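First up is the structure itself, then whatever we jot down about it.
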Amino acid sequence: MEQQETIAMPRIGDDAPQFTAVTTQGTINFPSDYEGKWVILFSHPADFTPVCTSEFMTFAKMQDEFKELNTELVGLSVDGLYSHIAWLRTIKEKIEYKGMKDVEVTFPLIEDITMEVSKKYGMIQPGESNTKAVRAVFFVDPKGKIRTIIYYPLSLGRNFDELKRVVIALQTADALEVATPADWQPGDDLIVPPAGSCGTAKDRVDGKESGIKCYDWFFCTKPLAKDEVFKAIKK
Ligand code: BEZ
């Protein structure tokens with residue numbers, strides 16, 4: 001029977017594994033070069049492929065929106081640097097897709113022919129492919145901790161509105177010590193921390209705590225306007 005290599009997968013709450021890598025924007029040391037910023041570190045299966053091309057164009061189009069959220073983008077595939085350069089040139093010079101054209105990808109794209117980085121991050125998932133990274137997305141906070149991980153298979157292009165929503169929701173939770181309910185969007189009610197004592201629980205169900213709405217003692221929300229959310233996370 002073929003032996004499969006066992007690889008530890010990074011988990012939410014772990015320090016992002018460190019690496020130094022060659023990219024299309026020069027060498028980077030991760031995560032130390034990004035201290036004080038959020039980073040979306042993402043992998044894609046291969047250069048010169050259609051789903052990946054649609055994703056890179058979308059990421060490039062949204063790069064300024066992520067920058068406004070103090071968030072940098074770093075891509076990776078197991079292709080080499082010259083393949084990356086050629087692909088990004090092709091995207092800029094030849095591809096027009098959904099109204100996007102002349103798209104320049106200026107965020108770093110890591111070359112990882114040795115698979116050193118992709119293996120460290122659990123991006124090679126042999127059940128899907130031994131030779132290509134899956135579409136992994138790691139959200140790393142300004143202290144270098146992994147805060148969210150999303151994996152997609154090779155055939156499924158990512159939802160970029162969701163990636164942006166995750167960044168905003170994580171930053172909102174940090175800034176305001178709240179949680180965000182299902183399908184939360186900025187401007188929707190936020191979940192306040194649960195009652196920490198029987199007295200608070202009773203006050204909440206009795207409607208004695210102002211400014212919050214309780215569905216039961218353990219499930220209470222408070223409103224916060226969209227512009228207040230953005231004010232809080234930009235502080
Ligand atoms: C794509 O990006 O189109 C793709 C890459 C690898 C496998 C399948 C699709």
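Please indicate, with yes or no, whether at least one residue in region 208-215 is outside the structural domain of Ser129 (by TED's automatic domain parsing), modelled with pLDDT under 95 and acidic (Asp, Glu).
For region 208-215, residues outside the structural domain of Ser129 (by TED's automatic domain parsing), modelled with pLDDT under 95 and acidic (Asp, Glu): present.
Name every residue in region 96-121 that is on the phi < 0 side of the Ramachandran plot and in contact with a Lys or Arg (Cβ under 8 Å, 6 or more places away or on another chain), in order of residue number.
The answer is Met100, Val103, Glu104, Val105.
Do we find a residue being within 16 Å of the ligand (Cβ to nearest atom) and out of contact with any Gly (no Cβ under 7 Å at 6 or more places or on another chain) anywhere in region 179-198?
no
Looking only at strands (runs of 3 or more DSSP E) that fall completely inside region 135-235, which ones have 3 or more residues that are under 20 Å from Arg11 (Cβ atoms) and in contact (Cβ under 8 Å) with a residue 24 or more places away in the chain?
The strands (runs of 3 or more DSSP E) meeting that bar are 135-140, 146-152.
Out of Lys92, Lys98, Lys61, which single residue is in contact with an Asp or Glu (Cβ under 7 Å, 6 or more places away or on another chain) and surrounded by fewer than 19 Cβ atoms within 10 Å (Cβ to Cβ)?
Going through Lys92, Lys98, Lys61 in turn, just one is in contact with an Asp or Glu (Cβ under 7 Å, 6 or more places away or on another chain) and surrounded by fewer than 19 Cβ atoms within 10 Å (Cβ to Cβ): Lys92.
Only residues that are more than 16 Å from the ligand (Cβ to nearest atom) and open to solvent by 10 Å² or more (accessible area, probe 1.4 Å): list them for region 30-58, please.
Pro31, Ser32, Asp33, Tyr34, Glu35, Gly36, Lys37, Trp38
From the list Leu76, Leu88, which residue is in the same structural domain as Thr131 (by TED's automatic domain parsing), within 16 Å of the ligand (Cβ to nearest atom) and closer than 14 Å to Ala133 by Cβ?
Leu76
Mind checking whether some residue in region 166-189 is over 24 Å from Val39 (Cα atoms) and at pLDDT below 95?
no
List pairs: first in region 26-46 and under 16 Å from Asp112 (Cα atoms), second within 16 Å of the ligand (Cβ to nearest atom) and at pLDDT below 95, Cβ under 6 Å, 6+ apart or cross-chain?
Matching pairs, first to second residue: none at all.
Using the structure shown, decide if Gly127 is within 16 Å of the ligand (Cβ to nearest atom), free of Cβ contacts under 8 Å to residues at least 60 places away in the same chain and open to solvent by less than 20 Å² (accessible area, probe 1.4 Å).
Criteria not met by Gly127.
The values are calculated or read from the model by the stated rules, or taken from the named source; none is laboratory data. As the structure is a computational prediction, the values presented were derived from the model and not from experiment. Neighbour counts are summed over all protein chains in view; Cβ atoms, including those assigned to glycine, are modelled from backbone coordinates with ideal geometry. SASA here: full protein model, heavy atoms, side chains in, ligands and nucleic acids out. Shrake-Rupley method; radii C 1.70, N 1.55, O 1.52, S 1.80 Å.
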